[in-house]
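Written out below as structure tokens is the structure these notes cover.
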Amino acid sequence: MESINLKSERCKQCELCFAHCPSDAISFSNELNKAGFNFACVDEEKCIRCGICYTMCPDGVYAIAINPQAKGEQ
Amino acid sequence: MREILYAGFGGQGVLTSGLVMSQVAVFKGQKATWMPSYGSAMRGGTANCTVKYGNDTIYNPGQEEPDLLLAMNGPSYQAFAGMVKLGGIIVINSDIISGELDVREDITLHRVACSTLANEIDQPRGANIIMAAAVIKLLNDFSLEDGIHGMNDMFEKKGKQKFEAGNTKSFECGYNAV
Amino acid sequence: MADMIKGNVAIAEAAVRAGVQFYAGYPITPSTEIMEYLSGRLPELGRSFVQAESEVSGINMVMGAAACGFRALTASSGPGISLKQEGISCISDEELACVVINVVRYGNGLGTLYSSQCDYFRETRGGGNGDYRCIVLTPESIQEAVDLMAPAFELAEKYRIVTVFMTEGALGQMMEPCVLPDFIEPERHSWALNGKYTYKKIGIFDRNSMTEAVALNEKHALIKENEQRWESGHVEDADYVFVAYGLPGRSVKGAVKELRKEGHKVGFIRPITTWPFPENGFKEVNQNVKGFITVEASATGQLVDDVALTAKRVFRERNVPAWSLCCVYGVPSLKFTKDGFARIMNNELKEAY
Amino acid sequence: MAKERKVPALIDNPMSFCAGCGHGIVIRLVAECIEELNQQDNIIFPIGVGCSSLLGGGMVADRLHCPHGRAASVATGMKRVTPDTTIITYQGDGDAYNIGISESLNAAYRNENITVITINNTNFGMTGGQMSWTSLPDQKTTTSPKGRDSGATGLPFRFPEMVAGQFDVAYAARGTVTSPKNVNKLKKYIKNGLEAQINGEGYSIIEVLSPCPTNWGLNPVKAMEQIEEQLIPYYPLGVFKNRKEKQDA
């Protein structure tokens, strides 16, 4: 299984991931991260692990891991 | 310490004449310096160099008061004759500097037709060596043999030993011309 | 027996023997022969030579090679060194080591081709923007020049600083015999960029200029303490002490010798480093000295400022006057120095300070 | 089947670029290529002055902050003394094409074996959006407030095409970061440029059309659209000089 992992503290809410996500899995938190942005969140049910968010993110927020254990720990 | 000023048109070989002098002195274990005029003066106008040699430290390698002036053309004579030390020597290229000259009374003037001599001995490019030899003879610090050995040593180190016979011939010619 | 050799050629060969791995530069009279010589010599030894498109580019190439930990060199003259100041300032800021040769020619702007010492202020004050200094070496002869080339790099590397090798047009163009130093094979600096991220310094952002300024001052103080070089003579009993460097410094030694013979109590200090200025040489001078006299190849008198400031530090209780004998360009003759001295003795020449 | 996607360790740090700035994407692509070519312990970045400088803060690799515009010359010095190290200049259009046009052109002219990455966002980002030589005709900037008057200030030029057309270089291309498809294509260009250097083929340049949402006064998504609509028609994407081995193939 693939997991999608986020480093939310890096998000600057540019919304490029949101604009390109093919499955409308991305939304923005009501909370602020340390930098003061409403950081991106992923709906893991809708997410198809295509990696487009990783491709379009300028700030290294996203990672896709192929690691069942890690998924289990979440 | 000796000071000699070699002056002429660029291309007449005065810088090499001076270099031969300095290298002969070094060859004989003395100290020597060679300082040229340079830059734009090298390309066209006048060229000159000051050579100093002797057994003592040479403090200032630049021109002060030459014991001897070698003037290869008229403008050089006009420009530098007045700077020569009291009782000094001037050697002129009489192929180019001809006619009446205003000569200081204390100066000994030598006329050497170096281009004519060079052609006579079939060394058309040897005029500057002829003059270098004449200067060495007049200053009387080095023998004919020292001069030839010092010169040939210099050209050999520059990889120009194939001219040795011709240079030697020119040197002997110049040495005997004064 | 050593043979006659041209200053620039001897300096270039000495640089090769000091282990210079890289040269980049742009031709300018009277330094060009250094570049011409190295264009053949370095590739022959498997080292690198680049004819850069500009002085600016040349110094930046040197910065790149120096950053990678190799001995890198450039040479130029007056206006060419002006163009290099941006790079020299940056190399100083990054604390890289390199040697910059300035074969000084006379003049402002484009200047002329005459030999001179008119770049004294620029070289001894850093030259570019900022708060840095370069170590400045000023040889009096071709022999001293070749002997100073390896130390120029050693000093640059010891302190991670730029060494300016400041010579004069006349020294670059003249010939005299010299014994060339032996070949050395320097090691690549341990702090070099090697592609493996061992050099942690970063650019202008995320840096603490306050801390760096303190460190820089400490470095400069250490250099001043340890690296002053000079030659002096007859200073212990001198009424007047001449100060001159480079070829004028050598000429002045001859004038001092003659003046001594004539009964004048004169001495000389010849700075070999003009930065750090050889203050320690002044501490050996007769406490009752009546004045210092610089002999320098500039129109305005530049060295005299450092002499006056140093005299102020060393002779705190009294003002020791300083005169400047300026010969504008070329090498001052012995007669020039002696005539100048006579004018000072006759009160015909006003002191500079 | 999804692929593992992980920001390379080389640049896995917070970077201080503005939100939606294209630099972050390009840097990640460069780092990915470096990892794939196994160069992560064999790389030096001469970095330009401008927003490109910010790369220095987040990168875990040898890098040197070059005087403004001079990265290609610094890279030359580095490459000549360490020919086996991969040298990548990272510059903006102001750095490489305005103040550094001489150094940039001359490195290409020599076919210096380095890789040049230029981020072209048609203005000077770091100093607040002044006109660049790559600003489009009529583009409003803080030094062309009424729109760029090309009659008085010149027409924007196309550097990769220029060096591809005039000089003997190994590889020249232009890409952009506006869509996943374009990002993937850009990565291929960057990889080709690096391979060209590693194989000793000579100079490679990859220009990237990149958004500057802050100084363009647009949100990041709109800024990407602006590239598609206005920049690409003037600055075509593609390869202008291909590697010899690729042509032969």
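The values are calculated or read from the model by the stated rules, or taken from the named source; none is laboratory data. It should be emphasised that the depicted structure is a prediction, and the values quoted were computed from it without experimental measurement. Every residue, glycine as well, gets a Cβ built from its backbone with ideal geometry; the counts of neighbours run over all protein chains shown. Surface areas here come from the heavy atoms of the whole protein model, side chains and all, with no ligands, DNA or RNA. Shrake-Rupley method; radii C 1.70, N 1.55, O 1.52, S 1.80 Å.
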Legend entry - Matching option when the condition is over 30 Å from D:Gly56 (Cβ atoms) and surrounded by 24 or more Cβ atoms within 10 Å (Cβ to Cβ), among C:Gly40, C:Gly7, C:Gly25: C:Gly7
Legend entry - Per-region count, segment C:208-258, residues touching a Ser or Thr at 6+ places or on another chain (Cβ under 7 Å), within 30 Å of C:Ala342 (Cβ to Cβ) and either of a type in the set (D, E, K, R) or in the same structural domain as C:Leu148 (by TED's automatic domain parsing) (or both): 1
Legend entry - Scope segment D:12-39; condition open to solvent by 40 Å² or more (accessible area, probe 1.4 Å) and either of a type in the set (Val, Ile, Thr) or more than 9 Å from every other protein chain (Cβ to nearest Cβ) (or both); matching residues: D:Glu35, D:Glu36, D:Asn38
Inset, instruction - Select from segment D:124-139 the residues that are part of a loop (DSSP other than H, G, I, E, B) and of a type in the set (S, T, N, Q) and write down the one among them that is nearest to the chain's Cα centre (by Cα). - result: D:Thr134
Inset, instruction - Say whether the condition of being within 10 Å of chain C (Cβ to nearest Cβ), within 23 Å of B:Ile148 (Cα to Cα) and either open to solvent by 10 Å² or more (accessible area, probe 1.4 Å) or modelled with pLDDT under 95 (or both) is met by at least one residue in segment B:55-62. - result: no
Legend entry - Criterion (open to solvent by less than 40 Å² (accessible area, probe 1.4 Å) and acidic (Asp, Glu)) met by exactly one of D:Glu207, D:Glu201: D:Glu207
Inset, instruction - Could you check C:Ile59 against (1) open to solvent by 10 Å² or more (accessible area, probe 1.4 Å); (2) facing another protein chain (nearest Cβ under 10 Å); (3) within 20 Å of the chain's Cα centre (by Cα) and say which number it fails? - result: (1)
Legend entry - Subset of segment D:206-229 [under 20 Å from the mean Cα position of the chain (by Cα), outside any helix (DSSP H, G or I) and more than 23 Å from D:Ala164 (Cα to Cα)]: D:Pro211, D:Cys212
Legend entry - Count of residues meeting criterion [facing another protein chain (nearest Cβ under 9 Å) and open to solvent by 10 Å² or more (accessible area, probe 1.4 Å)] in segment D:168-183: 2
Inset, instruction - Run B:Gly44 past the list (1) in a loop (DSSP other than H, G, I, E, B); (2) more than 9 Å from chain C (Cβ to nearest Cβ); (3) modelled with pLDDT under 95; (4) surrounded by 17 or more Cβ atoms within 10 Å (Cβ to Cβ) and report the number of the one that doesn't hold. - result: (4)
Legend entry - Test for A:Ala40: is it under 20 Å from A:Glu9 (Cβ atoms), in a strand (DSSP E or B), free of Cβ contacts under 8 Å to residues at least 60 places away in the same chain and open to solvent by less than 20 Å² (accessible area, probe 1.4 Å): yes
Inset, instruction - Can you tell me which residue within segment D:87-139, out of those that are polar (S, T, N, Q) and surrounded by fewer than 23 Cβ atoms within 10 Å (Cβ to Cβ), is nearest to the other protein chains (Cβ to nearest Cβ)? - result: D:Asn106
Inset, instruction - Could you look through segment C:202-259, keep only residues that are outside any helix (DSSP H, G or I), aliphatic (A, V, I, L, M) and away from every other protein chain (no Cβ under 12 Å), and pick out the one that is surrounded by the fewest Cβ atoms within 10 Å (Cβ to Cβ)? - result: C:Val235
Legend entry - Filter result (of a type in the set (S, T, N, Q) and either out of contact with any Cys (no Cβ under 6 Å at 6 or more places or on another chain) or more than 8 Å from chain C (Cβ to nearest Cβ) (or both)) within segment D:65-86: D:Ser73, D:Thr76, D:Thr85, D:Thr86
Legend entry - Matching residues, segment D:77-103, being more than 12 Å from D:Phe45 (Cα to Cα) and over 12 Å from the mean Cα position of the chain (by Cα): D:Gly77, D:Arg80, D:Val81, D:Thr82, D:Pro83, D:Asp84, D:Asn98, D:Ile99, D:Gly100, D:Ile101, D:Ser102, D:Glu103
Legend entry - Members of segment D:43-57 that are at negative phi and open to solvent by less than 40 Å² (accessible area, probe 1.4 Å): D:Ile43, D:Ile44, D:Phe45, D:Pro46, D:Ile47, D:Gly48, D:Cys51, D:Ser52, D:Ser53, D:Leu54, D:Leu55, D:Gly56
Inset, instruction - Considering (1) in a strand (DSSP E or B); (2) of a type in the set (Gly, Ala, Ser); (3) more than 30 Å from C:Met174 (Cβ to Cβ), say which one C:Ser324 fails and leave the rest. - result: (3)
Legend entry - Residue that is nearest to B:Ala118 (Cα to Cα), among those in segment B:149-168 that are open to solvent by 100 Å² or more (accessible area, probe 1.4 Å) and more than 13 Å from chain C (Cβ to nearest Cβ): B:Phe163
Inset, instruction - Go through the residues of segment C:305-316 one by one and say whether even a single one is assigned to a helix (DSSP H, G or I) and closer than 20 Å to C:Lys257 by Cα. - result: no
Inset, instruction - May I ask you to verify whether D:Val60 is at the interface with chain C (Cβ under 7 Å from one of its Cβ atoms), surrounded by fewer than 24 Cβ atoms within 10 Å (Cβ to Cβ) and in contact (Cβ under 8 Å) with a residue 40 or more places away in the chain? - result: yes
Legend entry - helices (runs of 4 or more DSSP H) fully within segment C:115-201 counting 2 or more residues that are away from every other protein chain (no Cβ under 14 Å) and touching a helix residue (DSSP H, G or I) at 6+ places or on another chain (Cβ under 9 Å): C:120-124, C:142-159
Inset, instruction - Return yes when C:Ile184 is among the aliphatic types (A, V, I, L, M) and open to solvent by 50 Å² or more (accessible area, probe 1.4 Å) and no when it is not. - result: yes
Legend entry - Subset of segment B:65-80 that is more than 15 Å from B:Ala47 (Cβ to Cβ) and surrounded by fewer than 20 Cβ atoms within 10 Å (Cβ to Cβ) - its residue that is modelled with the highest pLDDT: B:Asp67
Legend entry - Among residues of segment C:24-54, those that are within 19 Å of the chain's Cα centre (by Cα) and within 11 Å of chain D (Cβ to nearest Cβ), counted: 0
Legend entry - Selected residue (criterion: least open to solvent (accessible area, probe 1.4 Å)) from residues of segment A:43-54 that are closer than 22 Å to D:Cys21 by Cα and touching a residue at least 24 places away in the same chain (Cβ under 8 Å): A:Cys53
Legend entry - Conditions (1) touching a Cys at 6+ places or on another chain (Cβ under 7 Å); (2) under 23 Å from D:Ile101 (Cβ atoms): number failed by C:Gln51: (1)
Legend entry - Residue selected from segment C:336-349 under the condition open to solvent by 20 Å² or more (accessible area, probe 1.4 Å) and in contact (Cβ under 8 Å) with a residue 12 or more places away in the chain, by the criterion farthest from the other protein chains (Cβ to nearest Cβ): C:Leu349
